[in-house]
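What follows draws every value from the coordinates through simple rules; no lab data is involved. As the structure is a prediction and not an experimental result, all values here were calculated from the model. Glycine gets a Cβ as well: all are built from the backbone with ideal geometry, and neighbour counts include every protein chain shown.
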Amino acid sequence: MIEVDGLTVRYGGVTSLADMSLTFEQGTCGLIGPNGAGKTTFFNVLSGFVRPAAGTVRAFGTDLLAMAHFRRARWGVRRTFQTEQAIEELSVFDNVAMVHEHSGLGGKSRRGDVLDAIAFTGIDVDPESPEAKVRTLGAGQRRLVEVARAVVGRPRLVLLDEPAAGLPDEETSHLADVIRRIPERTGALVILVDHDMSLVSACCATTAVLDFGRLIASGPTAAVLRDDDVIRAYLGVDQ
Amino acid sequence: MRATLERASPVRAGRSLSRPQLIKAAITAALLLFVLLGLPQLMSLYYIDTMTQVAVYSMVAVGLGVLVGRVGLVSLGQVAVLAIGAWVAARLLFATTQPYPLVLLEAGLITMVLGVVIGLPALRLRGLYLALITLMLAGAITVVLATVNFPNGGHGFLGYNGSLVHIPPIRRPSIAASDPAYFRYSVVVAIVMFALVLAHIKTRPGRAWAAIRQSEPAALAAGINTWFYKLWAFALASFITGVAGGVLAGAVHYLYSIDFPTQDSITLLAVVLMGGVYSLWGAVVAALLYQFLPALLNNWGVSADWLIILFGVGVLQVLTTAPAGLADQVPRDLARLGRFLRRQATRQPAATQGSTK
């Protein structure tokens, strides 16, 4: 469970997150809103890339903001990026193994854990010897490598930042299937940011909506997507 | 689509090598044996001394290659770091009777500590700003060295004898007193340093550096302590450059601060870019360009100053057509030429056959 209380982030004169208070309980939770609403800023606060002006974040009882950014990954905060960031020059195996070797889990289980994560995400490589370099893979596969990096070992909080951006329907549907299974497989809380409402609906039981840094709605996804304020601010009347 | 498989993952070290890797290893071993055993027999003392310098600067280049190619940190202070290594080694060689390998190790370690200090700005700076800071530091080191001078067997902490009489040469290891033997000794030290770099690249630090170079946020999100690994890169590069300085001290016998001008660090970066920052062979190519080419031109009576222009054109060529440097471009283009010639050769008999029918 993540409890966010009074979180405020300012870039100079611009307030990117304004007094955001919210609780993400369990499973896969959606976080939606128009561009510039503060979704990625929220992820950046959780990852430690941005220091908030005010507020607290407690994740499973731990004060997340008190941890150095690289220690948060070791603690179990994992994420993908809006612009996919799988390490091109390394193999699929090394990309995932790298996260494992910095998570403090020890080397004995590494190979098994890494192969499990790769098989779980269904990356199209030899499951016994995933030595293909990431640069040889297509966009959808690289997204899956990022997801495999996020779920390897013992993640506690998985932040997915527009993982389906630019993917064709077939790959998005596979990704949705993978995302849905993450909480069950790892026990982690997943927060999904995406503009694809069918993906959010398919994966998330609950959803929160940000607009200009303010939380304007949260609750069961179906109800949130019917909310008048959400339709006005983000989805539009055609929804 | 099933992506092509490349065997021998760094994490799975210890597995049997694939056929192309075995061939590559065999060629490398044969080449090294030739360099160690055959080359000194074929060359004059002038070129043997030159090749010793090539061995020294290949170490400096491989260290710079780690910073630039692996981590993406541009340092313009490596020649000054080399001077520190040479200074420390010279001082230790005059002041103590320690065995030469121990002196090299100490020179490497002391230079490493200083290199980490130089690397501290790298925790906050990248690109042009880091390059400028390291260049300024190199300038400062050059000024200090010009003031205190290199040790030449004198007394005191600095070991400098200002009277300029009876200056003893910097000693060499007893097993490598002659120039050919010292050349072999330098190559062996260089091989050890290259192996050290390879061991880093293929394991945990290499993966962390690859992540930092591509995306620091992605590296942090993977739990990599980026400042620690950046400093590690500076420490490794400085250690290797310090050892190279120690080898240089024995090679030249007498050291002068004028031999380490600040601008040489810029030329060094240029040749390292030309040679190729992503492969170890690139460092060898860089050292050949930096040391062998000027010696060759000198021998032919051509001014080595022309090389500044040549290196400028070379860097332009490499940056526009081959970012991985000559070490990657030349074998690739030679293979392409080979394929073209084979195609021509098979086409010609077919054409001849066709015309006779």
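With the alpha-carbon atoms of the protein assembly as shown aligned to their principal axes, the span from lowest to highest coordinate is 92, 87, 45 Å, starting with the largest.
Building the convex hull from the alpha-carbon atoms of segment A:120-190 and averaging its projection over directions returns 4.8 nm². The three principal axes of the C-alpha atoms in segment B:252-324 carry coordinate ranges of 39, 24, 20 Å, sorted with the longest axis first.
Give me the Kirkwood hydrodynamic radius of segment B:136-180 in Å, from all C-alpha pairs, to one decimal place?
Working: mean 1/r = 0.0793 Å⁻¹.
In segment B:136-180 this quantity evaluates to 12.6 Å.
So what's the projected area for segment A:83-154, the Cα convex hull averaged over all directions, in nm²?
Across all orientations, segment A:83-154 yields a mean hull projection of 4.3 nm².
Each of A:HIS102, A:ALA139, A:ALA164 was placed along the dipole of chain A (beta-carbon charges, centred on the mean Cα), and the one lying farthest toward the positive end is A:HIS102. Give me the angle, in degrees from 0 to 90, between the Cα long axis of helix A:110-121 and the longest principal axis of the Cα atoms of chain A, rounded to the nearest 10. Roughly 60 degrees between the two axes. For segment B:29-79, the Kirkwood estimate of hydrodynamic radius, built from reciprocal distances between every pair of different alpha carbons, is 12.7 Å. Applying 0.36 nm per residue to the separation of B:ARG126 and B:THR321 and subtracting their alpha-carbon distance, the gain on full extension is 67.7 nm.
Neighbouring Cβ atoms from other chains, within 10 Å of the Cβ of residues in A:65-75, number 3 on average. Relative to the dominant Cα principal axis of chain B, helix B:204-214 is inclined by about 80°. Working from Cα pairs under 8 Å separated by at least six residues, relative contact order for segment B:33-261 is 41 percent. Applying the Karplus relation 6.51 cos²θ - 1.76 cosθ + 1.60 with θ = phi - 60° to segment B:75-89 yields 3J(HN,Hα) values of 10, 10, x, 5, 5, 5, 5, 4, 4, 4, x, 5, 4, 4, 4 Hz, where x marks Gly and Pro. Using a 7 Å offset from Cα along Cα-Cβ at B:VAL192, what residues in segment B:108-126 end up with backbone N under 12 Å from the label point? It comes to B:108-109, nothing else.
Which peptide among B:184-190, B:150-156 comes first, and what is the full order, when sorted by highest mean count of other Cβ atoms within 10 Å?
Per-residue Cβ counts within 10 Å, averaged per peptide and sorted highest first, yield B:184-190, B:150-156.
Calculate for chain B the 222 nm mean residue ellipticity that helices alone would give, adding -39,500 (n - 2.57) per DSSP H run of length 4 or more and normalising by residue count, nearest 500 deg cm²/dmol. Walk me through the numbers on the way to the answer.
Working: 15 runs with 242 residues, N = 357.
Value at 222 nm, helices only: -22500 deg cm²/dmol.
Can you tell me the FRET efficiency between B:ASN298 and A:THR83 if r is taken as the Cβ-Cβ distance and R0 is 56 Å, rounded to the nearest 0.05? Once the sixth-power term is evaluated, E becomes 0.65. Could you give the angle, 0 to 90 degrees to the nearest 10, between helix B:263-275's Cα long axis and the longest principal axis of the Cα atoms of chain B? Approximately 20 degrees, to the nearest ten. The label point for A:SER21 and the one for B:PHE228, both projected 7 Å from the Cα toward the Cβ, are 3.8 nm apart.
Taking every residue in A:82-88 and counting other chain Cβ atoms within 10 Å of its Cβ, the average works out to 5.
With charges set only on the Cβ (+1 for Lys and Arg, -1 for Asp and Glu), what does the dipole of segment B:33-261 come to about its Cα centre, in debye to the nearest 20? The partial results should precede the final answer.
On the way: 12 positive and 5 negative charges, 125 e Å.
Result for segment B:33-261 is approximately 600 debye, rounded to the nearest 20.
Our note on the geometry: Cα centres of segment B:115-185 and segment A:19-98, 46 Å apart. Taking a straight Cα-Cα cut-off under 22 Å and skipping sequence neighbours fewer than 8 places away in the same chain, the lysines within cross-link reach of B:LYS24 are A:LYS133, B:LYS202.
The mean number of Cβ atoms from other chains found within 10 Å of a Cβ in peptide A:227-233 is 0, as a whole number. Peptides A:202-208, A:185-191, A:168-174 ranked from most to least packed give A:202-208, A:185-191, A:168-174, packing being the mean of other C-beta atoms within 10 angstrom over each peptide's residues.
Checking every one of the chymotrypsin sites (Phe, Trp or Tyr not before Pro) in segment B:242-337 against DSSP loop status and a limit of 11 other Cβ atoms within 10 Å picks out B:TRP300.
Using mean Cβ contacts within 10 Å as the protection proxy, how do A:93-102, B:329-338 order, highest first? Let's see the in-between values first.
Working: A:93-102: 26.4, B:329-338: 11.8.
Put in order of decreasing packing, that is A:93-102, B:329-338.
Backbone amide hydrogens, once placed in the peptide plane, bring A:CYS29 within less than 5 Å of A:VAL190, A:ILE191, A:LEU192, excluding anything fewer than 5 places away on its chain.
Expressed as a whole percent, the proportion of Cα-Cα pairs in chain A lying more than 30 Å apart is 23%.
Using the Stokes-Einstein relation with a Kirkwood hydrodynamic radius computed over Cα pairs, the translational diffusion coefficient of segment B:33-261 at 10 °C and a viscosity of 1.306 mPa s comes to 87 µm²/s.
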